[in-house]
Every structure is written in structure tokens, then in C-alpha cells.
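Asker: Mind having a look at this structure? Questions to follow.
The values are calculated or read from the model by the stated rules, or taken from the named source; none is laboratory data. The structure displayed is predicted, hence computed values, not measured ones. Note: ideal-geometry Cβ built from the backbone for every residue, glycine included; neighbour counts use all protein chains shown. Heads up: the accessible areas ignore ligands, DNA and RNA and are worked out on the full protein's heavy atoms, side chains in. Shrake-Rupley method; radii C 1.70, N 1.55, O 1.52, S 1.80 Å.
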Amino acid sequence: QQAYHALRKRLTRHLLDFIVLKRMDGDNTTASSVMGLLSLARWLFDKKSMKLGWDYIKKAEKQALTNELFPLLNNIYLVQMENNHPEHGEDLDQIIESWNINKERLIEDENAVVALSLIRKMLITQRTKGLDQNLEIMIPEVLRQYNLVNTWLSRPKLLHAVLSITRS
């Protein structure tokens, strides 16, 4: 009985490791690149190679900022704070300020997911029940409800999401 459960757990771990490696191997997105740089930086920090770790964490930060990967950026700032040292690293006050700005963007992204889900639900309801609702009123109302009126116009990613939902 015990041997069976130990074998099952070991096989599950091996299967999980295999799936993770296969996903990483086939994933050419920027997010996977940023995660790789972040993992490398953490490993370098653990090995006390601070200068090289900071080089890679800055590359990860730059890519995450460029591609609006705010959840990953949050992790990057936390790692920067954990490994901040006067000789190696950035100004701690600047990191904290960047982290606070990123938290606001992260909340905007979360609100956008909720708002886009509501818009999608309203459009599906409208289509399936044959209701005639004015999209020019409905969409801005949902965006206003989640404080995204100005945000979705300034962020191409969100604008694209709203447009693709309404098109479909």
C-alpha cells in the first residue's frame, strides 16, 4: 500500500516536470522569456553573483514593461527589493515607486478582465435572446463602472480586446 502511493506520487512529480518542460520548450512568447530571465536572476542572486543577477533582472524588467506583463513585473520588483544592495542594484526608493505604479496598472488589468467578461456576456445575451441594446451606451457604461474610460483608449492591448469582442 505504501509503496503504491510512493510510486504514484513519484510518477505524478515526473509527469508534472515533463509537462512543464514541454510547455516551456514550445512557448516562444515574451512572457516565457521574461520568466526565464527572472528565474536566471533569482538563481544568480542565490549564488551571490549580484552584479550579473542585476543585469538579468533589469533585462526582464525592460521586456515586461515593453509588453505590459504587469503580474510578472510585480514579481520582478519584489525580487529587486529583496536583493537590493548599495553596491549592486538600483535606488530602493525608485524601485518602490515603480512597484506602486505597477500595482495600479495591475489593478487596471484585473478590472479590464472583469469588464471585458461583462461586455462579452452582454453581447452573448443580446445575440441569443434577440435583445436590441445600444452598444454605444452599454460598453462605455461598463468601462465607466470599472474606471476604465480613459485607460482603454491609451492602452492598445485593452482597445484591441474590446474591439475583438464587439467584432465577434
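Asker: Keeping all protein chains in position, work out how much accessible area Asp91 exposes to a 1.4 Å probe, and write it in Å² to the nearest 10.
Answerer: About 90 Å², ignoring ligands and nucleic acids.
Asker: Moving on. Within the P(r) computed for the range 38-151, what percentage of the Cα pairs occupies the region above 17 Å?
Answerer: Percentage above 17 Å: 63.
Asker: Could you tell me what percent of the accessible area of the chain is made up of carbon and sulfur, with a 1.4 Å probe and every protein chain present? Spell out each step's value before the answer.
Answerer: Values: 6680 of 11760 Å².
The C+S portion of the solvent-accessible surface of the chain is 57 percent.
Asker: Of Thr29, Asn75, Thr125, which is farthest towards the positive pole of the range 24-168's charge dipole, taken about the Cα centre with +1 and -1 on the beta-carbons of Lys, Arg and Asp, Glu respectively?
Answerer: About the Cα centre, the residue reaching furthest to the positive side is Thr125.
Asker: For Lys51, give me every one of the lysines with a C-alpha distance below 25 angstrom, ignoring sequence neighbours fewer than eight places off in its own chain.
Answerer: Lys59, Lys62
Asker: Treating only the Cβ of Lys, Arg, Asp and Glu as charged (+1, +1, -1, -1), what charge dipole size does the chain show about its Cα centre? Round to the nearest 20 debye.
Answerer: Working: 23 positive and 20 negative charges, 204 e Å.
For this selection, approximately 980 debye.
Asker: As a quick test, which of the pairs Lys58/Lys157; Lys103/Lys129; Lys9/Lys48 have an alpha carbon distance above 28 angstrom in this structure?
Answerer: Values: Lys58/Lys157 23 Å; Lys103/Lys129 39 Å; Lys9/Lys48 34 Å.
Pairs exceeding the cut-off: Lys103/Lys129; Lys9/Lys48.
Asker: Considering only protein heavy atoms, what is the solvent-accessible area of Glu82 at a probe of 1.4 Å, reported in Å² to the nearest 10?
Answerer: It works out to around 140 Å².
Asker: Give me the three principal axis extents of the range 33-95 from the C-alpha atoms, as integers in angstrom, largest value leading.
Answerer: Largest to smallest, the principal-axis extents are 29, 25, 14 Å.
Asker: When the chain is treated as a GNM, springs tying every alpha-carbon pair under 10 Å, which of Met50, Met138, Met81 comes out with the largest mean-square fluctuation?
Answerer: Taking springs between Cα atoms under 10 Å, the residue moving most is Met138.
Asker: How do Trp99, Trp54, Trp43 stack up against each other in accessible area, from largest to smallest, with a 1.4 angstrom probe? Present the calculation step by step, with values, prior to reporting the outcome.
Answerer: Numbers: Trp99 60, Trp54 15, Trp43 140 Å².
I get Trp43, Trp99, Trp54, largest accessible area first.
Asker: Please compute the per residue accessible area over the range 48-168 with all protein chains in place, 1.4 Å probe, rounded to a whole number of Å². Please report the intermediate quantities before stating the final value.
Answerer: Numbers: 7740 Å² over 121 residues.
Normalised by residue count, the accessible surface of the range 48-168 is 64 Å².
Asker: Name the residue, out of Leu106, Leu143, Leu69, whose mean-square fluctuation peaks in a Gaussian network model built on the chain with Cα pairs under 10 Å.
Answerer: Of the options given, Leu143 has the highest mean-square fluctuation.
Asker: Can I ask one more? Taking the chain as a Gaussian network, Cα atoms linked when under 10 Å apart, which of Asn134, Asn102, Asn147 shows the biggest mean-square fluctuation?
Answerer: Fluctuation is largest for Asn134.
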